[in-house]
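The values are calculated or read from the model by the stated rules, or taken from the named source; none is laboratory data. Source: prediction; values computed, not measured. Cβ atoms come from the backbone with ideal geometry, glycine included; neighbour counts cover every protein chain shown. Accessible surface is based on the protein model in full, side chains and every heavy atom, while ligands, DNA and RNA are left aside. Shrake-Rupley method; radii C 1.70, N 1.55, O 1.52, S 1.80 Å.
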Amino acid sequence: MEQLSRLKARVSNLHELQSLIGAMRALAASHVQEAQSALAGVLSYVGAVEDAIAEGVGLLPEIDDGKIGLEGTDSSVLIAVCAEHGFVGAFNERLVDRAEAELQASPLSKLAVVGRRGAMLAEERGLPIAVSFPMATHVGGVLGVTRPVADYMRATAKARIVYGAYRQGGNFEIEVKDILPLNPAILIRSRQRSAPLHHLAPETLLRRLASEYLFAEVTRAVMQSLASENAARLRVMEAADRNIGDKVEILTRMERSVRQETITAELLDVITGTEAVLGQRS
């Protein structure tokens with residue numbers, strides 16, 4: 001009976017864990033959908049800022065790809081956008097692997113990590129972290145992450161970001177995007193545009209637009225990474241749910257077997273006792 005009670009307790013605990021995992025699956029799926037919906041607006045905003053920069057460049061007599069926009073120092077920074085919480089499989093490992101490879105290719109770059117889990121992993125590997133930021137855990141917290149990260153990047157001349165780019169079907173790819181200096185492709189588009197109406201000095205206007213472009217690009221990367229992180233978490237939860245289901249099935253079969261053995265043993269005891277009583281009477 002003791003073994004049977006232990007099996008019942010284990011099955012009950014697994015069912016409770018399965019319910020918890022089910023709730024985490026639903027939450028992760030909801031966050032993926034929210035991030036995907038918000039991402040469309042972010043991409044439209046990035047495109048609008050790029051168009052504004054392309055028009056604004058036409059106000060300048062000459063195009064200098066290295067000096068238009070922000071007035072940062074000569075420093076270089078690499079931002080790795082990781083996860084704040086766990087249960088994301090190898091998501092953080094892949095991001096930190098890529099960030100480490102980028103640092104080896106450009107050893108003078110400073111490393112900034114978004115996400116507590118990613119920062120912990122980078123520290124374990126001995127990577128020099130200049131600064132770390134908390135990662136958003138839901139769409140409503142993305143701008144709260146983007147602002148301090150963008151502010152930090154404004155003081156640099158060269159900035160690139162490593163993040164998980166979401167793909168349909170719950171997959172993601174690690175991407176590295178150069179944000180500063182401004183992409184020359186944006187500036188080339190200005191040759192096909194007429195000069196816009198403006199109320200600010202061209203240099204001031206482009207500096208503000210470059211700052212807005214930086215903010216928009218960081219927001220896109222954080223939103224993409226949030227969707228990718230939750231897609232990875234969703235896959236982990238689905239795998240855990242399947243594993244628990246398999247274990248529950250095994251334990252349930254064991255429970256039935258033990259119960260049957262217990263019933264058989266009790267019947268044998270009754271038969272043995274009956275035979276003993278009848279033997280004494282005869």
Legend entry - Test: residue 119 is of a type outside the set (Val, Ile, Thr) and within 22 Å of residue 213 (Cα to Cα): no
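Conditions (1) within 12 Å of residue 78 (Cα to Cα); (2) among the aromatic types (Phe, Trp, Tyr); (3) touching a strand residue (DSSP E or B) at 6+ places or on another chain (Cβ under 7 Å), marked per residue:
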position: 99; (1), (2), (3): yes, no, yes
position: 104; (1), (2), (3): yes, no, no
position: 110; (1), (2), (3): yes, no, yes
position: 113; (1), (2), (3): yes, no, yes
position: 130; (1), (2), (3): yes, no, yes
position: 136; (1), (2), (3): no, no, no
position: 142; (1), (2), (3): no, no, no
position: 146; (1), (2), (3): no, no, no
position: 156; (1), (2), (3): yes, no, yes
Inset, instruction - Working only within the range 81-99, note down all residues that are assigned to a helix (DSSP H, G or I), open to solvent by less than 50 Å² (accessible area, probe 1.4 Å) and under 21 Å from residue 130 (Cβ atoms). - result: 92, 95, 96, 99
Legend entry - Residue list for the range 101-125, restricted to those being open to solvent by 60 Å² or more (accessible area, probe 1.4 Å) and either more than 17 Å from residue 164 (Cβ to Cβ) or among the hydroxyl-bearing types (Ser, Thr, Tyr) (or both): 104, 105, 107, 108, 110, 120, 123, 124, 125
Inset, instruction - May I ask you to list the residues in the range 15-65 that are at pLDDT below 90, in a helix (DSSP H, G or I), open to solvent by less than 50 Å² (accessible area, probe 1.4 Å) and in contact with a Lys or Arg (Cβ under 7 Å, 6 or more places away or on another chain)? - result: 46, 54
Legend entry - Pick from the range 130-146, criterion within 16 Å of residue 110 (Cα to Cα) and without any contact (Cβ under 8 Å) to a residue 40 or more places away in the chain, ranking: most open to solvent (accessible area, probe 1.4 Å): 132
Legend entry - Cβ pairs under 8 Å, 6+ apart, first in the range 1-24 and farther than 18 Å from residue 236 by Cα, second of a type in the set (A, V, I, L, M): 3/258; 4/258; 7/251; 7/254; 7/258; 10/251; 11/248; 11/251
Inset, instruction - Report yes if residue 127 is touching a Ser or Thr at 6+ places or on another chain (Cβ under 7 Å) and closer than 19 Å to residue 108 by Cβ, otherwise no. - result: no
